[in-house]
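Presented below is the structure to which this report refers.
The values are calculated or read from the model by the stated rules, or taken from the named source; none is laboratory data. What you see is a predicted model, and the numbers here were worked out from it, not measured in a lab. Here the Cβ is made from the backbone with ideal geometry for all residues, glycine too, and neighbour counts use every protein chain on show. In case anyone asks, the SASA skips ligands and DNA or RNA and just uses the protein heavy atoms, side chains included. Shrake-Rupley method; radii C 1.70, N 1.55, O 1.52, S 1.80 Å.
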Amino acid sequence: MDFEFSAEQQQFIKNVQAFLAEEAKKPYAREVMNPEREADSMLADSQERREFNKQLAANGYLGMSWPDEFGGQAKEGIYEYLVNEELASVGAPLIGKGVGCVGKTLIRHGSEKHKAEFLPQILNADIEFCLGYSEPGAGSDLASLKLKAEEVDGGWKLNGQKIYNTSAHFADWYWLAARTNSDGRKHEGISLFLIPMNSEGITINEIKTMGDHRTNEVFFDDVFVPQDALVGELHKGWVYICEALDYERFTLYTVGPIQKKFDVFVDMIKNETRNGKALKDDPLVRKTVAQLATDVETAVMLQRRVICAAVKGGVPTVEAAQCKLYSTQLGQRLANAALDILGPAGMLHEGVEHAPCDGKWEHSYRATALDTIGGGTSEVQKNIIARRGLGLPLQI
Ligand SMILES: Cc1cc2nc3c(=O)[nH]c(=O)nc-3n(C[C@H](O)[C@H](O)[C@H](O)COP(=O)(O)OP(=O)(O)OC[C@H]3O[C@@H](n4cnc5c(N)ncnc54)[C@H](O)[C@@H]3O)c2cc1C
């Protein structure tokens, strides 16, 4: 089996790396390329990061897989994955929500007005989106969402609450799932809306997470939006959400950051001492490193299987679940191993005197806790593998 990328793809990777090397010389580089932020280094949540996205746009890295008629380049989805792999490796914001989830859904199902208004702005990196799905009581079981959109004279009135809506405090537009019908099957009464984040009646409160990642709870009190805020057909939101997840399979799962982190881990083992003895000489430490090296390689191969299945035209639901489950838990094992090896000093925070690796692993330990929850918990991934991959019965 050939696990290598084609010559054209390898050249493309070199081009992206050359682009990033130029960007790394700019004054904003430290703000834009910051892998230490871990989970939220993928966000365009500052002026500098938005400016960087403009450079991505100017260099043709946004909307590559969109059809020509919408300003895209009709390239295979794998090119978007390759860009994201390089971006993730340096801790720069990823392409995804606008180009993938919103853009591709609008191309397939949006009105002419929505296409004309949003697609050029997405391609130019002019706007940022917040995905408004989760609610208290509707996370893993998303179809139970309750935020209500009621049809009123000239539009819609929205009431209810969202939770863990990560980009709400800086995004321009909400990509919002709301209940438009409470009768019948719960999946069939959900609709999608595009709503300006500054709409009257929206209140955004910060939720601080243990990994220093900011997310938000958002309240809707009689928020009025015009009729054309509805995306596609009424009550078809669930179908669109599931389709968007399929588009994202290429771009969601990057392994570059875990490979880079493992390199830093190995450097630490080579250079640090504990109780006056070099870590690299400790047989238990060496065993741990060898095991983790094997695990990182396994994560890379699981990720290649996602790509491989998708390139063949399938929807790699099971492969993506295996990859997400394995690589997010591996991220936690890596941080855990570093803290075990470093001993009590490893618990010192960044900026504290004598903190080994300037507190990197202490932060990583907290930050990686979020990875096994966001985008579907580990238990949900296991359910997908059990049911769809192994044909086991639905667990009640
Ligand atoms: C960092 C981060 C960013 C996020 N960003 C966003 C965002 O931008 N937009 C958005 O809409 N949401 C976002 N979320 C929400 C995320 O999608 C949900 O937290 C996630 O789906 C889990 O839902 P929940 O928190 O309601 O937990 P629950 O679904 O209540 O799960 C609680 C526990 O029960 C387990 N469980 C649930 N169902 C089953 C089952 N059937 N079988 C076995 N075990 C089960 C879960 O695995 C978990 O351990 C984000 C979350 C995080 C952590």
message: I'd like the full set of residues that are at pLDDT below 95 and aliphatic (A, V, I, L, M), limited to the stretch 5-43.
response: A39, M42, L43
field: Verdict on A309 being in the same structural domain as T368 (by TED's automatic domain parsing), closer than 29 Å to K75 by Cα, in a helix (DSSP H, G or I) and not β-branched (V, I, T)
entry: yes
message: For a quick check of your reading: which helices (runs of 4 or more DSSP H) sit entirely within the stretch 36-130 and have at least 2 residues that are in contact with a His (Cβ under 7 Å, 6 or more places away or on another chain) and under 16 Å from A171 (Cα atoms)?
response: none
- line: Scanning the stretch 139-171 for residues that are under 21 Å from the mean Cα position of the chain (by Cα) and loosely packed, with under 15 Cβ neighbours inside 10 Å gives S140, D141
query: Of these, G60, G71, G96, which one is surrounded by fewer than 18 Cβ atoms within 10 Å (Cβ to Cβ) and in contact with a helix residue (DSSP H, G or I) (Cβ under 7 Å, 6 or more places away or on another chain)?
result: G71
message: Scan the stretch 226-233 and tell me whether some residue there is among the aliphatic types (A, V, I, L, M), within 16 Å of the ligand (Cβ to nearest atom) and buried (at least 19 other Cβ atoms within 10 Å of the Cβ).
response: yes
message: Checking the structure you have, find out if any residue of the stretch 103-120 is within 16 Å of the ligand (Cβ to nearest atom) and surrounded by 16 or more Cβ atoms within 10 Å (Cβ to Cβ).
response: yes
- prompt: Would you say E31 is closer than 23 Å to D172 by Cα, assigned to a helix (DSSP H, G or I) and outside the structural domain of H213 (by TED's automatic domain parsing)?
  reply: yes
message: Restricting to the stretch 367-396, name every residue that is within 11 Å of the ligand (Cβ to nearest atom) and among the small types (G, A, S).
response: A367, A369, G374, G375, G376, S378, A386
- prompt: Would you call A39 crowded, with 16+ Cβ neighbours inside 10 Å, out of contact with any Lys or Arg (no Cβ under 6 Å at 6 or more places or on another chain) and not acidic (D, E)?
  reply: yes
- request: Give E188, E200 a once-over and let me know the one that is more than 14 Å from the ligand (Cβ to nearest atom), outside any loop (DSSP other than H, G, I, E, B), open to solvent by 70 Å² or more (accessible area, probe 1.4 Å) and not aliphatic (A, V, I, L, M).
  value: E188
- request: Please state which one of G313, G331, G359, G351 is away from the ligand (no atom under 16 Å from the Cβ) and open to solvent by less than 30 Å² (accessible area, probe 1.4 Å).
  value: G359
